[in-house]
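In what follows, a structure is listed as structure tokens, so that the remarks can point back to it.
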Amino acid sequence: VNVPTSILEESYTFQSIESKILSIGKLVQKENEAKKLVQTISNEYKNLPFQKTNVRVLFIYSRNPNSIFVSGKNTAAHAMIELSGATNAITEFSEYKQLTPEGLTKANPDIILIPEGSAKGLGGEDFI
């Protein structure tokens with residue numbers, strides 16, 4: 001099958017979002033529209049009232065209680081936390097690693113974020 005394929009950079013910065021939009025625009029032959037979208041997003045991003053906080057956030061990803069992972073650096077979750085002005089409670093490693101009780105205690109988060117699907121996999125809000 002002759003299908004155009006493009007490998008996008010696996011990076012989690014605001015600038016990588018712009019790069020991905022431009023790459024996809026080129027693939028679908030909508031380069032001008034992609035450039036306009038990047039410019040709009042960039043202008044709006046620059047005007048956001050960004051404030052860094054000392055809030056430590058732990059991001060948990062899981063599908064069942066036997067497989068609970070936390071987000072380290074170089075993940076989309078880490079980027080989301082950092083872009084919000086908060087601090088990722090896990091900075092000792094990159095990617096996702098299994099959560100241990102000791103790791104949770106050491107992370108000492110102020111907030112724990114769990115995607116809806118992960119919460120359901122863990123038994124829902126009542127279980128958590």
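The values are calculated or read from the model by the stated rules, or taken from the named source; none is laboratory data. Bear in mind that the values here come from a model prediction, so they are computed numbers and not experimental data. Note: ideal-geometry Cβ built from the backbone for every residue, glycine included; neighbour counts use all protein chains shown. Side chains included, ligands, DNA and RNA excluded: accessible areas come from the protein's heavy atoms. Shrake-Rupley method; radii C 1.70, N 1.55, O 1.52, S 1.80 Å.
Remarks
- Taking the range 80-128 as the range and being modelled with pLDDT under 80 and among the β-branched types (Val, Ile, Thr) as the test, only Ile128 passes.
- Selected residue (only one of Ile111, Ile68 is open to solvent by 60 Å² or more (accessible area, probe 1.4 Å), in contact (Cβ under 8 Å) with a residue 40 or more places away in the chain and over 15 Å from the mean Cα position of the chain (by Cα)): Ile111
- Of the residues making up the range 7-25, those that are open to solvent by 60 Å² or more (accessible area, probe 1.4 Å) and free of Cβ contacts under 8 Å to residues at least 40 places away in the same chain number 8.
- The helices (runs of 4 or more DSSP H) falling completely within the range 35-127 that include 2 or more residues that are in contact with a Ser or Thr (Cβ under 8 Å, 6 or more places away or on another chain) map to 76-83, 116-121.
- Number of positions in the range 78-102 that are under 18 Å from Leu122 (Cα atoms) and either surrounded by 13 or more Cβ atoms within 10 Å (Cβ to Cβ) or touching an Asp or Glu at 6+ places or on another chain (Cβ under 7 Å) (or both): 3
- On the stretch given as the range 1-36, residues that are modelled with pLDDT under 85, of a type in the set (A, V, I, L, M, F, W, C) and either in contact with a Gly (Cβ under 7 Å, 6 or more places away or on another chain) or closer than 20 Å to Glu82 by Cα (or both) total 1.
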